[in-house]
Amino acid sequence: MTQAKVGIAGAGSIAFGTAALLHEQGHDPMLWSPSGARTQALQDGPLNASGAIEAAFSPRVASSPQQLAEENDALLIALPGYGHKTVLDALAPHIREGQHVIISSHASLGAVYLTQLLAARGINAPVTAWGTTVVTGRRQEGANVQVNTIRARVDLCTVPETRADCALAVCKRLFGDRFQPRDGLLAISLSNLNPQNHLGIALGNITRMERGETWSQGQNVTPKVGRLLEQLDLERLAIAEALGLSVRTIFEHFHLSFHVPVASISEMNQQMHAQGNGGTGPATADSRYVTEDVPYGLQLTAVLGRLVARPATLHEAGIQIFSAMYGRDFARENDILNALELDRFGLEDLQQAARTGLLRGTPEPVT
């Protein structure tokens, strides 16, 4: 297999874990930290991955978004959703014609936002959205990352959809045969189960998070928390059905991602805990489970539910409860949805953008 150079925007647990997977697959990753701080540890030694991937290597490090774009064949966005707009704004001026961009994982129509920025420059570049990350894990002190899982299946789609086959081939070449094409960006948005799952887990364990306790996530998906996750899943599936989309259930998600037999969600998580891959819950209230997943995950599901007359009442309640807990208006914090001004468009416009990457009125790039 020919070695590919892949630029990764991000330097947290997912970025480090994804870089380790690329290295294991024989490719050459480069990391860029928007702040510059999170790649400092790589100056003192190699990146050390343990767990599902055992590797020690020295990835290339970029000092700017321009260097990341210019020195790599493909780009991958691997940082929390609240950082996506800033990074997409920084990279867009430097992405070249045909350069493949992967968003891992896709948050709130970021692929549409990026495609419109590129169209304004007259640039055609395929943007692939993953429904979740290809690895799970946790960055540890220094340049160390614990990789908990390499997912067996990751949902994806590409805009424009005319580039879907080529983009799928690129993803398989880089990361292996683990990708399941889905029917457009709305399917991908509704395939990301992390926001709904993290809502139930964080709500049920918020005092553990605030106290900074060390606690097993799988073990604490108790029967009542598990039942809440199942009910949240029914809301998501109803919205997908109204849109005519096929998406994975929460049961399929845990079965395929963590290799446990299908049972109740609580029982599946208990099995994950028993196998040692139930994960460790957040040890801070300032966790992506809330600060990313509420505005960038739950909010989009809530918007889609209203558009198709399938109100996601539990999702809406979660947004309001966490806003009250944190003293923030999470529904208004999604800067990508705000920039896209979705209230100016209807469902048909959104469905078209989910395939082309362009909302109505956006100029087509010159070809």
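The rows are residues; the columns are (1) open to solvent by less than 40 Å² (accessible area, probe 1.4 Å); (2) within 22 Å of Thr132 (Cβ to Cβ).
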{"site": "Glu241", "(1), (2)": "no, yes"}
{"site": "Gly297", "(1), (2)": "yes, yes"}
{"site": "Ala331", "(1), (2)": "yes, no"}
{"site": "Arg344", "(1), (2)": "no, no"}
*State which residue is nearest to Ala111 (Cα to Cα) when the search covers only segment 151-174 and only residues that are surrounded by 15 or more Cβ atoms within 10 Å (Cβ to Cβ) and touching a Phe, Trp or Tyr at 6+ places or on another chain (Cβ under 8 Å).*
Leu156
*Can you tell me which residues in segment 182-216 are open to solvent by 30 Å² or more (accessible area, probe 1.4 Å) and under 20 Å from the mean Cα position of the chain (by Cα)?*
Arg182, Asp183, Asn194
*asked:* Test of understanding: among Pro93, Pro126, which residue is of a type outside the set (S, T, N, Q), touching a Cys at 6+ places or on another chain (Cβ under 8 Å), farther than 17 Å from Leu340 by Cα and free of Cβ contacts under 8 Å to residues at least 60 places away in the same chain?
replied: Pro126
*Out of Phe322, Phe251, Phe258, which single residue is among the aromatic types (Phe, Trp, Tyr), open to solvent by 30 Å² or more (accessible area, probe 1.4 Å) and either at pLDDT 95 or above or under 18 Å from the mean Cα position of the chain (by Cα) (or both)?*
Phe251
*For segment 9-16, does any single residue satisfy the condition of being in a strand (DSSP E or B) and open to solvent by less than 10 Å² (accessible area, probe 1.4 Å)?*
yes
*State the number of residues belonging to segment 261-305 that are part of a loop (DSSP other than H, G, I, E, B), within 22 Å of the chain's Cα centre (by Cα) and of a type in the set (Ser, Thr, Tyr).*
2
*When residues of segment 135-156 are filtered for being free of Cβ contacts under 8 Å to residues at least 40 places away in the same chain and either β-branched (Val, Ile, Thr) or outside any strand (DSSP E or B) (or both), how many remain?*
2
*Any residue in segment 62-69 that is assigned to a strand (DSSP E or B) and at pLDDT 95 or above?*
no
*Which of the helices (runs of 4 or more DSSP H) contained wholly in segment 174-235 include at least 1 residues that are among the β-branched types (Val, Ile, Thr) and within 26 Å of Leu22 (Cα to Cα)?*
185-191
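The values are calculated or read from the model by the stated rules, or taken from the named source; none is laboratory data. Since the structure is predicted, the reported quantities are computational estimates derived from the model, not experimental observations. Virtual Cβ from ideal backbone geometry, glycine too; neighbours counted across all protein chains shown. These area figures cover heavy atoms from the full protein model, side chains too; ligands, DNA and RNA do not enter into them. Shrake-Rupley method; radii C 1.70, N 1.55, O 1.52, S 1.80 Å.
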